[in-house]
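Nothing in this text is a laboratory measurement; each read-out follows from the coordinates by a stated rule. Not measured: the values here are computed from a predicted model. Every residue, glycine among them, receives a Cβ derived from its backbone with ideal geometry; neighbour counts consider all protein chains shown.
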Amino acid sequence: MSSRTTAPSQDAATATARAAAQAHAAAPALAGLPLPERAALLRGLSHTLGENAAHLAAVAEDETRLGVDRLRGEIRRTQAQLEMFADVAEAGAFLDVMIDPPDPSAQPAPRPDIRRMLVPLGPVAVFSASNFPFAFSVLGGDTASALAAGCPVVVKAHEGHPRLSDLTGELAAEVLPAGVLSVVHGREEGRSLVTHPAIRAVGFTGSTAGGRALFDLAGSRPDPIPFYGELGSVNPVVVTPAACAARGADIVREYIASVSLGQGQFCTKPGLLFLPAEHALEDHLRRAVAAVPPAPLLGSWISTAYRATLEELATHPAVRSVHRAPTPDDARASVPALLATTAESVRAHPELLQECFGPASLIITYTTTEDLLATLHTLPGSLTATVHGQEHQDEPLARLLAAALHTGRLIWNGWPTGVAVTPAMHHGGPWPATTSPLHTSVGSRAITRWMRPIAYQNMPEQLLPAPLQRANPWNVPQQVDDARRTVPPGRAAS
Ligand code: NAP
C-alpha cells in the first residue's frame, strides 16, 4: 500500500495512523512466519526490483539526476542487500539462541532452565535518504533488515524522489502480505510516525540536524523507542610524511576523485585531507579539482545548503581557497571547491570541522606528529577514517593514528566512498556520525537493531517459541551451555 498526502497535519496524522495501524495488525503474522517463508518474501522483493529495473532507474533519474548507470548499479546493490538478508533470515543464527540447561546440583542454589533468543520489536519507521533512492530508501538496507527481523515497516519517503518511492512501494505491495510495508509522505507525517504508539523503532538516514530533531522526538515519547540515525560525517584522510614523499601526487589525484564521486553527495565522502606542511602538492590538487565538471546536485535544497556551507567555510579568516569553480547560472549545479587551513587553526576554530555535503573539502596541513595527533583528537566522530602510509616504515605512527581516529571504519591505503555490503561491514560510528554507536546500518549485523532479547525460565516445552524448543522445529543454531558451572562460594547468584 502506498499513500500520498500533502495536506496539513490533521490529514498527515490520519495517513500515518492508518499505515501504523496496518503495520501493527500485520506484525504477529510476520513475526511467526517460518524463516524460509520470510526469506522467500525478501527474495521476491529482489526479483521484482530486477524485473522493473529499467523503469525504476528512469523514474529515479528524472527525480535525482544521479545518472542511469549509477542508478542501475544501485538497484543491483539493493537486490544484493535483500538477498543477503534472505540468507541471514534463513540461516537463523541472527536469533542468537542460547540455552542454559537446568542444574539442580548447582551451588549455592539450583540453576533453572533458561532459554534466550531475540524477538522482533514490532513495526519500524524508516526515513529514506535523498542520495540513495534505492539502497537507503523504500526497499533499502533498513527495510530489508527490519523485514528479515520480522518487523513490518512504514517508510517516510524522501521528498527528493516521491514518485519513485510510491512506485517502489506499489511493487513491494504485490509481493508482501497486506500492511507489511507502507509509504507515507511529508514532514508532518514523519513526525507523527515517530510518536505513533504502534511504532517500536526508527531507522533514519540523513543530516545530523534532521536526525537529531527526530531522535529528540523519539526520546520525548511517554514510551521512548530506539532511534538509529545514520547521519553526516567529515571522514578524515591522513597522509603520513613517508607516503606523501613516496606517492603524494597519486594520493591527491585519487583523493579528489573520491571527493567528487557522485558530486560529493555521499555520507562517506572524505571531507578533510591531512597533509604534511611541506607537501608541495598544491598544483596537483588545483588541477584535479579544476577538472571536476559542475553537475546537477540532488535538488535545489541540497544545492542551497551546499553553497551556504561552502561560503561560510571559504570566507572564514583561518581558511584560504585553493580552487573554487565559478558559480554557474543553474541554481542546482554544484561548485567544486578545495579549501586549505592548518592543524593549529582547526584546534582554535572547531567550527571548521563540519560536513559540507557536495564536492568540496578542506586540506589541513600539519607540522609535526604532535601537531597532527593533537588535532585528530579534536575531530568529531566519523563514519570512516583513512590513513595513507608506507606499510613497514610507518608502523609506529600508524598505531598512534589508529588510536587517535574516532571512527566506525578505519581504512588503510584506500578510499571511503563505496560501502561493501558484506557481513563484517560496519557503517556507523560515534556521534555525530550516528545516534547509536553500537550499531551498523550496512552488513548482516544491521538486523540486531530491530530485535530485543527475551529469556524464558522453566517454561514448558510446548509454550516455548519454536527456536527454543528441544525438538528445534525451525532447525536454527542453538548455543547450549552444558558446562555445569558452580557459582564460587560467597558470591550471590543473581
Ligand atoms: P535531511 O534533510 O536530514 O532529510 C532526511 C529526512 O528527514 C527527510 O525525510 C526529511 O523530511 C526529514 N527531516 C529533516 N529534518 C526534519 C525535521 N526537523 N523534522 C522532521 N523531519 C525532518 O537529509 P538530506 O539533506 O536529504 O540528506 C543529506 C544528508 O544525509 C547528509 O548530511 C548526508 O551525509 C546524510 N547521509 C547519511 C548517510 C549515512 O548512512 N550516514 C547516508 C546518506 C546520507 P523532508 O523530506 O520532508 O524534508
Along the stretch 320-330, what does the Karplus equation 6.51 cos²θ - 1.76 cosθ + 1.60 (θ = phi - 60°) give for ³J(HN,Hα), rounded to whole Hz, x for Gly and Pro?
10, 8, 7, 7, 9, 5, x, 5, x, 5, 5
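The chain: longest stretch without exposed GluC sites (Glu not before Pro) (DSSP loop, at most 12 other Cβ within 10 Å), sites themselves excluded? Spell out each step's value before the answer.
On the way: sites that count: GLU174, GLU278, GLU391.
That gives 1-173 as the longest site-free run.
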Tilt, helix 300-314 to longest principal axis of the chain (alpha-carbon atoms), in degrees rounded to tens, equals 50 degrees
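Quick one: VAL202, VAL59, fewest Cβ neighbours within 10 Å first, how do they rank? Walk me through the numbers on the way to the answer.
Working: VAL202 27, VAL59 19.
In increasing order of surrounding Cβ atoms, one gets VAL59, VAL202.
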Sequence-distant residues sharing a close amide H with THR384 (under 5 Å, placed H):
ASN235, GLY408, ARG409
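Treat every Asp and Glu Cβ in the chain as -1 and every Lys and Arg Cβ as +1, leave all other atoms uncharged, and give the resulting dipole magnitude about the Cα centre to the nearest 20 debye. Walk me through the numbers on the way to the answer.
On the way: 38 positive and 45 negative charges, 135 e Å.
Here the size comes out at about 640 debye.
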Output wanted: per-residue J couplings in Hz (rounded whole) for the stretch 173-188, from phi through Karplus 6.51 cos²θ - 1.76 cosθ + 1.60, θ = phi - 60°, x for Gly and Pro.
5, 6, 9, 9, x, 4, x, 6, 9, 10, 10, 10, 10, x, 5, 4
Under-5 Å amide H pairs with ARG332, H placed in peptide plane, nonlocal only
none
Selected from PHE127, THR195, PRO101, residue furthest toward positive end of dipole (the stretch 79-222; charges at beta carbon)
THR195
Report ³J(HN,Hα) in whole Hz for each residue of the stretch 393-405, in order, from the Karplus equation J = 6.51 cos²θ - 1.76 cosθ + 1.60 where θ = phi - 60°; Gly and Pro get x.
4, 9, 4, x, 5, 4, 5, 5, 5, 4, 6, 7, 7
For the chain, what proportion of DSSP beta bridges, expressed in % and rounded to the nearest 5, is antiparallel?
30 percent
